[in-house]
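Undergrad: Below you will find the structure I want to go over with you.
The values are calculated or read from the model by the stated rules, or taken from the named source; none is laboratory data. Given the structure is predicted, the values throughout are model-derived calculations rather than measurements. Glycine also receives a Cβ, built like all others from the backbone with ideal geometry; neighbour counts cover every protein chain displayed. Side chains are part of the model used for accessible areas, which takes the heavy atoms of the whole protein and leaves out ligands, DNA and RNA. Shrake-Rupley method; radii C 1.70, N 1.55, O 1.52, S 1.80 Å.
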Amino acid sequence: MTVFKIQGGSSLVGELEVPGSKNASLAILSSVLLGRGTTVLHNVPRVSDTLTKARLLTNFGAEVEWREGSLIVDSTDIHPGEAEEETVRSIRTSFYLLGPLLARNGRAELPAPGGCKIGARPVDFHLKGLALLGADVVLEGGVYKARTRGLRGAEIYLDFPSAGATQHLMATATLADGVTVIQNAAVEPEVTALAAFLNRMGARIEGAGTSTITITGVASLEGCEFRVPSDRLQAGTYLAAAAITRGDVTVRGILPDNQTALVNKLREAGARIDEGPDWVRVACDRRLQGIRVKTMPYPGFPTDMQQIMAAVLTLAEGTSVVEETIYESRIGHVAELNRMGARVRVEGRATIIEGVPSLSGSTVEASDLRAGAALVLAGLAAEGTTLVKNVRHIDRGYENFEHTLTALGGRVERIEAAETEEARQHQE
Ligand code: EPU
């Protein structure tokens, strides 16, 4: 097991750039199979989810190579393949391969997907949409088996603006015969990034970034060169780290418009925010005030920042309420923050946080990616030493996390299995 050992108490100060978006990369890495030929992707973050996804593509005949920081995918010869169940189950977006494989081969089989354990995460919107596009999908023995005699354009209404369903169906529809309209589509920046990528491959997609997306099917797509935009969630995490450690952090190379919900909430809590055309700075020299936060689909407050914001608010003065409306059980951080001296309780979909003046270092466990990031931030702000276990969850979405935090003045070390005896003793 790998743990992060964090010596708390230093303010994070400095400037940084963040790598490309994990979630945009994962969606692009499904859709890349739609195009014949070679695609060159720049700025794909080297996190465990993208490494796993890139490896998975080889199961279907793609040739994949990381070269000088870019990912080269040759998807000339794609076959229905046989995916390793363990790999498919380890990431959610493995399921978004079903439509592209179907579009290329007329049939596809994939074990049911996994991903972070933050709620039930059904795939019913994907299945309904694929059926409307002319796919016949059955679940047999834990494996989704899909067939089509030809995909055709359709009108698809999503019951909820799901990012994943929008991405999966939009990509699949690029090779369908005729026009597809997706209503109540997600407007997340990662959807817009995927549409830009698909259009670069020769697709005809209009309206991405709005709730109505129109896709006019084309006969084929070709490989292309594309740069993945920067990761708004990694950026948000470092900005939140400035707030919780009473530091001063500037993230460059990002779109401030993608941070609107987060920075407005940090400002409301008392942090100082400055913005330029492609940077955001968060500075904080005092105790924050408790606030209310409610997660919503973009441009609302991102669910992926909910646990991190909760960590920040554990040290704010007064009571905060953080309401999660997207996932039913994204609360793995709560008990662990309480081990560190926080006063957080769950009431229905809300976490109620009674602010405390300080947190104390302890041994805690990451239950999922963003819970893990929240605990690292809490450890940076706590008095004494914190050990965060299950770093593998954090490695899914943060590239060079400990090095980046260290460069900003945090004290975070990655410790491998042999040294975890110390973690056990620390807990006793
Ligand atoms: N939903 C359904 N049926 C479906 C699809 C979704 O009921 O067929 C529900 C989900 O259960 C959830 C809501 O709709 O309650 C929204 O889910 P969505 O489909 O938008 O999420 P996702 O595509 O599975 C992506 C990100 C998540 C992020 C959400 C919301 C990736 C790989 N994952 O998931 O990222 O939380 O959008 O923005 O893109 C993370 O990075 O930590 C992470 C979990």
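Undergrad: Any residue in region 27-46 that's under 28 Å from F401 (Cα atoms) and at pLDDT 95 or above: show its pairings with residues that are more than 16 Å from the ligand (Cβ to nearest atom) and polar (S, T, N, Q) at Cβ separation under 6 Å, as long as the two are six or more apart or on different chains.
TA: As it stands, the answer is V32/T39; V32/S75; V40/S70; H42/S70, since those pairs meet every condition given.
Undergrad: Identify, from the list T87, T58, the residue that is open to solvent by 60 Å² or more (accessible area, probe 1.4 Å), over 23 Å from A185 (Cβ atoms) and under 24 Å from the mean Cα position of the chain (by Cα).
TA: On the way: T87 fails: open to solvent by 60 Å² or more (accessible area, probe 1.4 Å).
T58 is the lone residue from the list that is open to solvent by 60 Å² or more (accessible area, probe 1.4 Å), over 23 Å from A185 (Cβ atoms) and under 24 Å from the mean Cα position of the chain (by Cα).
Undergrad: While we're on this one: So the check is Cβ under 8 Å with 6+ separation or different chains; which pairs have a first residue in region 318-329 that's near the ligand (Cβ under 9 Å from one of its atoms) and a second one that's of a type outside the set (S, T, Y) and not in a loop (DSSP other than H, G, I, E, B)?
TA: Filtered contacts from region 318-329: T325/K294.
Undergrad: Further question on the same structure: Look at L110 and say whether it is crowded, with 19+ Cβ neighbours inside 10 Å, assigned to a helix (DSSP H, G or I) and of a type in the set (A, V, I, L, M, F, W, C).
TA: Details: crowded, with 19+ Cβ neighbours inside 10 Å: yes; assigned to a helix (DSSP H, G or I): no; of a type in the set (A, V, I, L, M, F, W, C): yes.
The answer is no for L110.
Undergrad: Another question, if that's okay. Within region 62-82, how many residues turn out to be open to solvent by less than 20 Å² (accessible area, probe 1.4 Å) and either out of contact with any helix residue (DSSP H, G or I) (no Cβ under 9 Å at 6 or more places or on another chain) or modelled with pLDDT under 90 (or both)?
TA: 1
Undergrad: Identify, from the list T166, T148, the residue that is among the β-branched types (V, I, T), under 17 Å from L29 (Cα atoms) and either modelled with pLDDT of 95 or more or not assigned by TED's automatic domain parsing to the domain that holds A83 (or both).
TA: T166
Undergrad: Scanning for something part of a strand (DSSP E or B) and under 23 Å from the mean Cα position of the chain (by Cα), does region 200-208 turn up at least one residue?
TA: yes
Undergrad: Let me ask something else about it. Considering only residues of region 26-69 that are among the charged types (D, E, K, R) and under 24 Å from E85 (Cβ atoms), which is farthest from the ligand (Cβ to nearest atom)?
TA: Of everything passing the filter in region 26-69, E63 is farthest from the ligand (Cβ to nearest atom).
Undergrad: Can you tell me which residue within region 247-274, out of those that are in a strand (DSSP E or B) and without any contact (Cβ under 8 Å) to a residue 60 or more places away in the chain, is surrounded by the most Cβ atoms within 10 Å (Cβ to Cβ)? Spell out the reasoning first.
TA: First, the residues of region 247-274 that are in a strand (DSSP E or B): 248-252, 272-274.
Restricting the remaining residues to those that are without any contact (Cβ under 8 Å) to a residue 60 or more places away in the chain gives 272-274.
Values: R272: 15, I273: 18, D274: 13.
The residue in question is I273.
Undergrad: Given the conditions (1) within 25 Å of R392 (Cα to Cα); (2) crowded, with 23+ Cβ neighbours inside 10 Å, and given that L33 satisfies all but one, which numbered condition is not satisfied?
TA: (1)
Undergrad: Just one of (1) more than 11 Å from the ligand (Cβ to nearest atom); (2) surrounded by 15 or more Cβ atoms within 10 Å (Cβ to Cβ) trips up T93, so point out which.
TA: (1)
Undergrad: Out of (1) in contact (Cβ under 8 Å) with a residue 24 or more places away in the chain; (2) under 17 Å from Q167 (Cβ atoms), the odd one out for S75 is which?
TA: Only one criterion is unmet by S75, namely (2).
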